[in-house]
Amino acid sequence: MGECGGQARVAKLQSTKLIQSVRRGDVKRLEDVLGHGVPDLVNILHPIYDNSPLIVAATLGSVDVLHLLLERGADPDLKDGQGHAKDVRQPIGVPVQ
């Protein structure tokens, strides 16, 4: 397996760990996963859930997770794999304009 294949496998594994951490609201594990150096991990759409970690956190109302993901560079305008956007501002108390 070439370097690109290995990187893709690591990214997929880390993406799965990231989504699991978000779904559990596990901020400590989330910080650990984000620290493993996969570029732009916070904005990767998970291949099974077809959502970004930020969309999952907003759907669950996980305010601490939302804040952490935004601090780490999550794109609040990122759409899911179906082209739908989720307003991530409401769960963290940012007024919708």
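Whole percent per 5 Å bin, from 0 to the bin with the longest distance: what is P(r) over all C-alpha pairs of the stretch 7-91?
3, 17, 31, 28, 17, 4, 1
Which of the GluC sites (Glu not before Pro) across the stretch 1-80 are loop residues per DSSP, with 16 or fewer other Cβ within 10 Å?
Values: sites: Glu3, Glu31, Glu71; in loops: none.
Hits after loop and neighbour filter: nothing returned.
Each residue of the stretch 63-78 in order: what ³J(HN,Hα) in whole Hz does its phi give by Karplus 6.51 cos²θ - 1.76 cosθ + 1.60, θ = phi - 60°, with x for Gly and Pro?
4, 4, 5, 4, 4, 4, 4, 5, 4, 8, x, 4, 7, x, 9, 5
Each reported figure results from applying straightforward, stated rules to the coordinates on display, with no laboratory input. A quick note: this is a predicted structure, and the numbers were derived from the prediction, not measured. Every residue, glycine as well, gets a Cβ built from its backbone with ideal geometry; the counts of neighbours run over all protein chains shown.
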